[in-house]
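Everything on this sheet refers to the single structure shown next.
Throughout, read-outs are computed from the coordinates displayed, never taken from laboratory work. Owing to the predicted nature of the structure, the values given are computational and were not obtained by experimental measurement. Neighbour counts are summed over all protein chains in view; Cβ atoms, including those assigned to glycine, are modelled from backbone coordinates with ideal geometry.
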Amino acid sequence: MNKKKNWYDYLWLASLLYLILGFFNILFAWLGLLCFLIPLGISAVKGNKTYCNHYCGRGQLLDLLGNKLKLSRKKDIPAFIRSRGFRYGFLIFFLIMFGNMLFTTYLVFSDAGSLKQAVQLLWTFKLPWHFAYHGTIAADWVAQFAFGFYSVMLTSTVLGIITMVLYKPRSWCVYCPMGTMTQQICKLKDKSS
């Protein structure tokens, strides 16, 4: 018996569309802020991880690739990745990289730096992405933020795909920085009630 699909069961299309649009026009990367603000808002207001469990398009995409397309080995994720130390360590690393991206944007905004039309994959490899921006629509700092944010979103998707292939489909969810932050917000909200 097939369970009835809800509208949010198709949010994996939004994740896929986001990556495609950012390939053609980097300014679409700003839409990724929704993937940051909505989960934090839901966990702050409702005190639960509804976003992670129902609305996360990336989680759905990984589930589709791993289960439906059978690209996952479906092995248990190693205990060290599930550990509190790894999850919070990865969150701190992620926030430092996010802060670096904001600082680079600030340098361009303040004319102390110039626009770098590159996407940085895995925080290391610079991929030329000049074809995705032609400098006619927005200020350079707006484009710089978009290049940086797209780098973050592409990197986290690549990490998700790697862990999906090696382990269970939604293994990324175990150490996803947004999941770790929303979980902490839920704990704080629960303590304050």
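Grab the other residues whose beta carbon is less than 13 angstrom from that of residue 182, score K and R as +1, D and E as -1, and report the net. Present the calculation step by step, with values, prior to reporting the outcome.
Details: positive: 46, 49, 87, 187, 189; negative: 190.
Here the count lands on +4.
Against the longest alpha carbon principal axis of the chain, how many degrees, from 0 to 90 and to the nearest 10, is the axis of helix 177-192 turned?
Taking the Cα atoms of the chain, the angle to 177-192 is about 60 degrees.
Between residue 124 and residue 79, what length in nm is gained on full extension when 0.36 nm per residue of separation is reduced by their alpha carbon distance?
In short, 13.6 nm is gained.
How far is helix 84-109 tilted off the main Cα axis of the chain, in degrees rounded to 10, range 0 to 90?
For helix 84-109, the angle is close to 20 degrees.
At 222 nm, what helix-only mean residue ellipticity would the chain give, in deg cm²/dmol to the nearest 500, using -39500 (n - 2.57) for each DSSP H run of four or more?
So the calculated ellipticity at 222 nm is -18500 deg cm²/dmol.
Evaluate the relative contact order of the chain (contact order divided by residue number), counting alpha-carbon pairs under 8 angstrom at least 6 apart; express in whole percent.
It rounds to 34 percent for the chain.
Hey, can you rank 93-106, 157-170 by average C-beta count inside 10 Å, highest first?
Sorting 93-106, 157-170 by mean packing, highest first, produces 157-170, 93-106.
Work the Kirkwood hydrodynamic radius out for region 47-193: mean of 1/r over every pair of different alpha-carbon atoms, inverted, in Å.
17.0 Å
Could you state the angle between the C-alpha long axis of helix 34-46 and the longest principal axis of the C-alpha atoms of the chain, as a value from 0 to 90 degrees rounded to the nearest 10?
Computed tilt is about 50 degrees.
Let me know the shape class of region 1-89, please: from the alpha-carbon gyration tensor, a ≥ b ≥ c as square roots of the eigenvalues, rounded when a/c is under 1.5, otherwise prolate if a/b is greater than b/c, or oblate.
rounded
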